[in-house]
Amino acid sequence: MRGYIISNYFLKALSKIFKVSLDNISLIGDDDLVNIESFKRTPTADLEILLNNGNKLRIEVQSGFVGVNDIKQHKVLEAKRIFQTEGISSLAIHFDLFNGQVAFIKLDEIEDDSVNWITRQQMEGQTVFNIDQNYFTWKLTQTPPLLEDIFQS
């Protein structure tokens, strides 16, 4: 549910990062705050952005608030499936609200053996991996970076 709230709160910043109008950003996730019964824990990304070059990019928005910053395995598996079936890349944008930093992770490029999957009991036993500090490239007190500055390598 935090991803849904954070997605809506940071839409203008995401518009700037991706150099698109707000009209090019669609909420596609299954989260819904109208009725708690409609809230779902599904692997569907939160946003889909129509980039200026005509390509689409899916965005999974996550947030941490106690310095624990994890990516859920089912989100990575869904991102890989979408890339294989539809050719749409997925990016996780993780807001660490405790430290005021943001990480950008290309979900569909994560190699199966490149991360240490663990089970977090405090996350209802979900399988996750902890985000490496090197992925945190934006401090919330600064102007949002442009996408090309995030992935210069």
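What number of residues in region 119-140 are assigned to a strand (DSSP E or B) and either farther than 21 Å from Phe95 by Cβ or among the polar types (S, T, N, Q) (or both)? Qualifying residue count for the region: 5. Scanning for something in contact with a strand residue (DSSP E or B) (Cβ under 7 Å, 6 or more places away or on another chain), closer than 20 Å to Gly125 by Cβ and not β-branched (Val, Ile, Thr), does region 99-109 turn up at least one residue? No, region 99-109 contains no residue that is in contact with a strand residue (DSSP E or B) (Cβ under 7 Å, 6 or more places away or on another chain), closer than 20 Å to Gly125 by Cβ and not β-branched (Val, Ile, Thr). Quick one: in region 126-140, of everything that is surrounded by 14 or more Cβ atoms within 10 Å (Cβ to Cβ) and touching a Gly at 6+ places or on another chain (Cβ under 9 Å), which residue is nearest to Lys16 (Cα to Cα)? Once the filter is applied, the top-ranked residue is Leu140. Based on what the data block shows, is Thr143 exposed (fewer than 11 other Cβ atoms within 10 Å of the Cβ) and hydroxyl-bearing (Ser, Thr, Tyr)? Spelling it out, Thr143 is indeed exposed (fewer than 11 other Cβ atoms within 10 Å of the Cβ) and hydroxyl-bearing (Ser, Thr, Tyr).
Is region 77-84 home to any residue that is surrounded by 13 or more Cβ atoms within 10 Å (Cβ to Cβ), over 15 Å from the mean Cα position of the chain (by Cα) and among the polar types (S, T, N, Q)? Taking every residue of region 77-84 in turn, none turns out to be surrounded by 13 or more Cβ atoms within 10 Å (Cβ to Cβ), over 15 Å from the mean Cα position of the chain (by Cα) and among the polar types (S, T, N, Q).
In region 108-131, the residues that are under 24 Å from Arg58 (Cβ atoms) and at pLDDT 85 or above form Cβ pairs under 9 Å with partners that are hydroxyl-bearing (Ser, Thr, Tyr) and not in a loop (DSSP other than H, G, I, E, B), at six or more places apart or across chains, as follows: Asp108/Ser89; Asp108/Ser90; Glu109/Ser89; Trp117/Thr127; Thr127/Thr119; Val128/Thr119.
The values are calculated or read from the model by the stated rules, or taken from the named source; none is laboratory data. Since we're looking at a predicted model, the values are computed, not measured. FYI the Cβ positions are ideal-geometry reconstructions off the backbone, even for glycines, and counts take in every protein chain you see.
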